[in-house]
Structure formats: C-alpha cells, structure tokens
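These notes are about the structure you will find just below.
The values are calculated or read from the model by the stated rules, or taken from the named source; none is laboratory data. Given the structure is predicted, the values throughout are model-derived calculations rather than measurements. No Cβ is skipped: glycine too gets one built from the backbone with ideal geometry, and neighbour counts run over all protein chains shown.
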Amino acid sequence: MPSLDKFTAEKLDKTKENDQYRSLNITERSDGVCVKRNGKELISFSCNDYFGLSQDKKVMQAAMDATEKYGAGAAASRLITGNNPLYQELEKKLAALKNTENALVLGSGYLANIGIIPALMGKKDLIIADKFAHSCILDGARLSGAKLLRFAHNDLENCHYLLKKHRKSYKNCLIITETIFSMDGDRAPLDGLHKLAKKHDSWLMTDDAHGIGIIKGNKADIQVGTLSKAAGSYGGYVCGSNALIDYITNSAKSLIYSTALPPSVLAASNEAISIIANNPDICQNSLENAQYFAEKMGLKKPDGTIVPLVIGESDAALAASKNLYDNGYLVSAIRPPTIPKGTARLRFTFSSLHKRQDIDNMCALMSTR
Ligand SMILES: *Cc1c(COP(=O)(O)O)cnc(C)c1O
C-alpha cells in the first residue's frame, strides 16, 4: 500500500492530465453582480443568486435581527432543540408558494436529495432519472439501494420505453427530473412526465433548484428545491402532502442526524421567499437578460436564467473562461465529469442586476476571440 500522500498525489496527477483539476479561489462578493478575486474586480456571470436576493437589504437585515434574537447557531438537530419558530413560518410560505399541503426544510438541497430518496425507495424498487439529473439525485438513488435507470435527457419516449420494459419487475417506482436543468438551462417536460407517472403507477419527484419563481403549476408528488440559489440564502426543502412531509420528518437521516440551520439563515430565507411570492414578476429581468444574451450569441432561447455555450474540449473551455477573466468577467468553465465528455462549456448565469451594457461588452469579447 502506498503512503496516503503518494496515493493522493498520483490521483491528482491523473485529474491534471485530464484537465479536470480544480482549485478553490478566494472570492469576495460584496455588491450586486461584482466579485473580487486575486485583487481583481470582476462582473460575475457565475453566481446562482438570480434575483440578487443574497445582497438585498431586507434579506440581510432579517438575518442580522435573527442572530441578535436567537444567537449564531441552532445547537442541535430539529428533532432535539433546533426547531426554531422561523422554520414553521418558512415551511408555511414554501407550501403556499408551491401550492402543496405542507413543506419541510432540510440542511441543503444536497442533504434533501440524499435524505428523501433513500427514505422512500429500497432494494425492491425502481428509480428512473433523467440522464442529466444532478449528482446529489444520483447519490440519493444509489444510497437507497433501488435499481437506478436513466432516460435520455428530456426524452419522454425513452422514459416511457423504460417504464414499459422494467416497471412491472419492481414494487414501487419513482421518476426523477430537474425542472430547469442546472448545466443546460432547459426545461423538463413536466406534464408529460406527470402523465407517464400516473399511467405506470409511479411517483414523480422534481428538483426545482433553478426553477423557483419560473416554474409554475408543477404537479409532481415530491417537489425538492434549494434556498441556496435564487432565494439568496441557504438550505433545502421538500414540498408535498401532509403524509409525505410527516414521513420524511421521521425517516430522512440527513434531517434527523444533522444540526438545524442557523436562525440567521432561516430568517434570510423567510424574507427572500416572501419577496419571491409577492413579486411574481421578479424573475422577469433575469430571464430577459438571459434571453437577450442568447439571442445576441445566436444560441437557443433559454427557458430559465442559465445559458450554456458548449465549446467541446476542457482546455478550450478553460481558455475561453480565462480570456473573459482577463477582461473583467467571471464565467466558469464547466468540465467533465460534471457534464458528458466533449461538452465542456462556459455556463452563464443571469441576474436581474446585470446591465445590458455589461452583456454587450462581454459578447463583443467573445466574437473577437
Ligand atoms: C445546486 C443544486 C442542488 C444542491 O443544492 P444546495 O442547496 O446547494 O446543496 C441540488 N440539485 C440541483 C439540481 C442543484 O442544481
């Protein structure tokens, strides 16, 4: 057996050879869409704070007030003493926003998926997930021990085929998709998936991490989401029936055995969800910015606030990102294994706070590259 340092160094060499090496860059966010990295001011097109709520004065004040009132941390899991009254308020708001009977807030979107899926599914069951479903959905499926099949991205016919072929060999069946896809920015065929689930005696679960404020009328049985992106705060949630929520509260290990969220985070989420619920058009500016950019670049009209520009090889995507960085724009290169080989890309995320001039300037840089 090699020493631990030799083992890890060899593994890292492999990731470097494949242009998959990643490092943590210190990044300060202080105002709107501006960030500071290595002393350099950049306009970010890589934050998921689509409506600028992480920098909203009311959201920030709510977090500060809650810290003053309740302290900095929760001190225990929700089932012990961590169930601050702010949870109840937030869950009421989430259920109302999603038009479900109830909601449950968990530690993060990641913790929601890896807690909920294994709580519902087991060895005799079948999970059919979209090929591009987020890593934590796949981790949750694997943890459950259920059989996991993947249907071609957004392909109802392929999903139908898998159901016809495999559904009857398993006890329960769960179909899982994202609403707006995190790496491609496109929208799932929710109505079609809902019909397939009904027809083949299956449950439908959606992950709305990038769809809050955009996706309306989702009828999925289990609606997971995050408070860490458009809500500008932190945390995960699931919306659904009273029975579902009661059961998840009693069985999701990531809820039971992990400390509750800090009061400041809950208060920020509460304020942000109120803002989203009371301003149904809040997403309009970020959506219009994304569509403006896509049209200028000759790309497909986006369904949400994410626009991918697929480049191909990882080194080329890194070089394109570096070129933008040198000129004052932060746009992450997304590389395998996050996305399929040969589809390395620049992933642009749009905020309601971006100015058209910044989008124009960035487009000009890319056309002269
Ligand atoms: C970001 C993301 C998550 C994870 O949510 P966090 O709150 O950041 O842990 C889960 N699912 C999807 C689809 C995501 O994009």
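Just give me the residues in segment 224-261 being among the aromatic types (Phe, Trp, Tyr) and more than 14 Å from the ligand (Cβ to nearest atom), in sequence order. Steps first, please.
The first filter runs over segment 224-261 and keeps only residues among the aromatic types (Phe, Trp, Tyr), leaving 234, 237, 247, 257.
Tyr247, Tyr257, listed by residue number.
Could we say that Leu94 is away from the ligand (no atom under 16 Å from the Cβ), over 25 Å from Lys164 (Cα atoms), of a type outside the set (Ser, Thr, Tyr) and crowded, with 22+ Cβ neighbours inside 10 Å here? Step through it out loud before you land on a result.
Details: away from the ligand (no atom under 16 Å from the Cβ): no; over 25 Å from Lys164 (Cα atoms): yes; of a type outside the set (Ser, Thr, Tyr): yes; crowded, with 22+ Cβ neighbours inside 10 Å: yes.
Considered against the rule, which asks whether it is away from the ligand (no atom under 16 Å from the Cβ), over 25 Å from Lys164 (Cα atoms), of a type outside the set (Ser, Thr, Tyr) and crowded, with 22+ Cβ neighbours inside 10 Å, Leu94 comes out as no.
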If you check Leu86 against the conditions, is it among the aliphatic types (A, V, I, L, M), part of a helix (DSSP H, G or I), more than 25 Å from Gln284 (Cβ to Cβ) and without any contact (Cβ under 8 Å) to a residue 12 or more places away in the chain?
-> no
Are there any pairs, at least 6 apart or on different chains, whose C-beta atoms fall under 8 Å, with the first in segment 161-182 and closer than 15 Å to Trp203 by Cα and the second near the ligand (Cβ under 10 Å from one of its atoms) and aliphatic (A, V, I, L, M), and if so, which?
-> Ile176/Ala133; Ile176/Ile137; Thr177/Ala133; Glu178/Ala133; Glu178/Ile137; Glu178/Ala209
Filter result for the condition that a residue is within 16 Å of the ligand (Cβ to nearest atom) and either modelled with pLDDT of 95 or more or more than 18 Å from the chain's Cα centre (by Cα) (or both), over His166, His153, His160 = His153
Among the candidates Lys147, Lys124, single out the residue that is of a type in the set (Lys, Arg), out of contact with any helix residue (DSSP H, G or I) (no Cβ under 9 Å at 6 or more places or on another chain) and more than 16 Å from the ligand (Cβ to nearest atom).
-> Lys124
Over segment 343-369, the set of residues among the aliphatic types (A, V, I, L, M) and assigned to a loop (DSSP other than H, G, I, E, B) is Leu353
Report the residue count in segment 252-298 for those that are part of a loop (DSSP other than H, G, I, E, B) and among the aliphatic types (A, V, I, L, M).
-> 5
